[in-house]
Amino acid sequence: MRFSITRAALQKGLTASASAVPTRAALPVLSNILIQAEDDAVRLSGTDMSVFVSLGVPAEVEEAGVVALPARQLVEIARVLEDAPVKFSSSGPGGAESGTGVDIACGRGRFTLYGQAPDEFPDFPEIDFGVAWEMSAGELQTLIEKTSFAVSTEDSRPILNGILWQLRAGETVMVATNGHRLAKITQKLNGGGVPTEVDLIIPPKALNQVQKLYPSDAVLQVTRSDNHLAFRSAGREVFTSLIEGPYPNFDQVIPKDNDKVATVNRAALETAVRRVAVMAEDPTRRVRLSFTNGGLNFKVQTPDLGEAEDMLSLDYEGEDIDIGFNATYLLEVLRHMPDDDVRMTFKAPERAATFQPATGEPDYLCLVMPLRILD
């Protein structure tokens, strides 16, 4: 194997492929990046067996070959190289599998890396892109950005560790929840070939790769098999296994009878919550919100520490209500609201509250379960 590649192209490919490499690999080969040199390009691939990332970058290939080299060392080497062409070479057709190692030269720097036999590297899932549908990367990235923050990180309910992506005729819905908060966004679909009735539960790590790997103006090809989903555009591919099992019926927990409505400036509300939350030191970061026709009052009381208060003007319809929230959950929801004003609805202090853009555009809803107020 012998090829030359620019430092910028090498770093680009390594950054993408190494993002799928596990910090602690169950199998030694998973700590490697697979390098495939052929024609006028080099393909760099990494995986943790759940998410597969592959990126083709231009290179001058003198001799084709394939090798699996340690990801961490490759990334570190690329970081310290001079801004000059980087030359890879090995005396065997696959390099490390014949025990010769791979030589890396750039300017005055010289390195030799030993990897593992490339045939030990896992095969990528076989998925037919001939039946793929297309959609804008920017549209998909908006769906991901508006929901992924709400996904569960606990192991008690594995199904909630995934993001639900529903594809329906003419529209798509993406939902994430951890049981205490929920984010849901609905968007029209204009691309052809979209399945009319599909529910996919996707690991957030895979969707994070889609956010980072593709420019927003790219057109993605998306396709699936029984247990995998794949994205492809301009030589970049992301494959992921799907999480199996029924996703909870989220429509059942979204309240339909909340009769108390408040509309407030999002930035002002976020600032007030952040200010009083300085004193919210208990694990729940409990903040008390009191809605009246005269405005919104904030209060935090933390035993043995102190208290904080603030107030805000807003439009409010309904009876007075005191309700407690986790300040972290509130701030995350407000940070993702796409409108200057946010519309909040309530029913009772122990019932779920909803948060939406005041304009109703886009079709976006967040739900937060309240906390019990301590007297």
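Quick notes on this one:
- Dipole orientation for the chain: of the candidates V198, A26, L242, A26 has the Cα lying most toward the positive pole (charges on Cβ; Lys, Arg +1; Asp, Glu -1).
- Cα-based reach from K184 at 19 Å (exclusive), listing lysines while leaving out same-chain residues under 8 positions away: K146, K205, K256
- Cα long-axis angle, helix 7-18 against the chain (0 to 90 degrees, to the nearest 10): 60 degrees
- Using θ = phi - 60° in the Karplus curve 6.51 cos²θ - 1.76 cosθ + 1.60, the 3J(HN,Hα) couplings for the range 119-135 round to 6, 7, 6, x, 6, 6, x, 8, 10, 8, 6, x, 10, 6, 10, 10, 7 Hz; x is entered for Gly and Pro.
- Sparsely packed trypsin sites (Lys or Arg not before Pro) within the range 279-375, loop by DSSP, other Cβ within 10 Å at most 11: R372
- Near L242, the amide H atoms lying under 5 Å from its own belong to H228, L229; only residues 5 or more places off or on other chains count, and H is placed 1.01 Å from N.
- Within the range 55-86, the GluC sites (Glu not before Pro) that combine a DSSP coil assignment with at most 14 other C-beta atoms in a 10 angstrom radius are E82.
- Here the 3J(HN,Hα) profile of the range 209-216, calculated from phi with Karplus coefficients 6.51, -1.76 and 1.60 at θ = phi - 60°, is 5, 5, 5, 7, 7, 10, x, 5 Hz, Gly and Pro shown as x.
- Relative contact order %, the chain, counting alpha carbon pairs below 8 Å whose residues are six or more apart: 12 percent
- Shape call, the chain: gyration tensor on alpha carbons, a/c limit 1.5: prolate
- Ellipticity estimate at 222 nm from DSSP helix runs (n ≥ 4, -39,500 (n - 2.57)) divided over the chain, nearest 500: -5000 deg cm²/dmol
- Pair A25, R157: separation of 7 Å Cα→Cβ label points (nm): 3.5 nm
- Whole-Å distance, taken between Cα centres, linking the range 30-85 and the range 206-280: 30 Å
- Against the main long axis of the alpha-carbon atoms of the chain, helix 266-276 sits at an angle near 80°.
- Helix 71-80 and the longest principal axis of the Cα set of the chain meet at an angle near 90°.
- Rolling a 1.4 Å probe over the heavy atoms of the protein chains gives the chain an accessible area of 47 Å² per residue.
- Just the protein heavy atoms count here, and of the accessible area of the chain at 1.4 Å, carbon and sulfur take up 47 percent.
The values are calculated or read from the model by the stated rules, or taken from the named source; none is laboratory data. What you see is a predicted model; the values in this text were computed from it and never measured. When we count neighbours, we look across all protein chains shown, and the Cβ atoms used for this are built from the backbone with ideal geometry, even at glycine. Note: accessible area is taken over every heavy atom of the protein model, side chains too, but ligands, DNA and RNA are not part of it. Shrake-Rupley method; radii C 1.70, N 1.55, O 1.52, S 1.80 Å.
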